[in-house]
1. Along the charge dipole of the chain, Cβ charges K/R +1 and D/E -1, which of T9, G71, S94 sits furthest on the positive end?
2. Using only the alpha-carbon atoms, how far is helix 115-125 inclined from the longest principal axis of the chain? Give it as 0 to 90 degrees, nearest 10.
3. How would K57, K7, K25, K92 line up from fewest to most surrounding beta-carbon atoms within 10 angstrom?
4. On C-alpha positions alone, give me the angle between the axis of helix 104-113 and the longest principal axis of the chain, in degrees, nearest 10.
5. Taking other Cβ within 10 Å of each residue's Cβ, how do T162, T90 sort, fewest first?
6. Using each residue's phi in the range 156-169, evaluate 6.51 cos²θ - 1.76 cosθ + 1.60 at θ = phi - 60° and report the 3J(HN,Hα) Karplus result to the nearest Hz, with x for Gly and Pro.
Amino acid sequence: MKENFIKNTPLFGELTEDEQRAIGKRMRLESYDANSTIFMQGTDSDALYLIKEGWVKLFGQNGDNVVASLGAGSLIGETDFFLGRPYTMTAKASGRVEVWVLDQESLMRLLEERRDLGLNLGLAFGRGLVQFRPLLADRLAHVPFFQDLSAREQELVARYLTPQRYSANQTIFRSGDRPTGLFIIDRGAVRLLGDHDDDYTELIVDDTFG
């Protein structure tokens, strides 16, 4: 049952079944009575919640205005959790509620076991995950372009890395385009093309370009 909820959640839906199962194993079940606070605005975002049963109300900045009412299958708190910022809303149970919880420690352990999951979750989320930054910083120590930076400098660079995925033969940029950033190859290979089809340089994992 939990696996179906995870599979049908947009954030997790693009992950492999194996990755979805791994997330499910790390989630614990919690129950809340009516009007109980699940998390409060301004407190540390130490978990995300997947509603199994019941309804949850989300309150805005003044604490009185209900901005959303979410039911089974909905994720709550995930944006603040992945960005590493305090909760921007308060979540309260409308009635009896059951939620699956993925907390900070469980996610960190999972990402240490499955580095690809950090990249794939970041792709689904649309930004890099704060929980994945320490692993990215460690990875930068093995990328030639960044090897001479201090550990602190590598951590700072990791903050600004955003995952991107490109299909085979997809153009990343063309000669003359405005520069948009520096690229680090994590998987696959990239060809930098010259004036002719047989004039190219092939880059592989850990190479940088752009």
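Each value in this text was obtained by applying a stated rule to the coordinates, not by laboratory testing. Keep in mind that what you see is a predicted model, and the values were worked out from it rather than measured. Here Cβ is always computed from backbone atoms with ideal geometry, including for glycine, and neighbour counts include all displayed protein chains.
1. Sorting the options by dipole projection puts first S94.
2. 70
3. K25, K7, K57, K92
4. The helix 104-113 is inclined about 30 degrees to the chain.
5. T162, T90
6. Values, residue by residue: 5, 4, 4, 4, 9, 7, 10, x, 9, 10, 10, 7, 4, 6 Hz.
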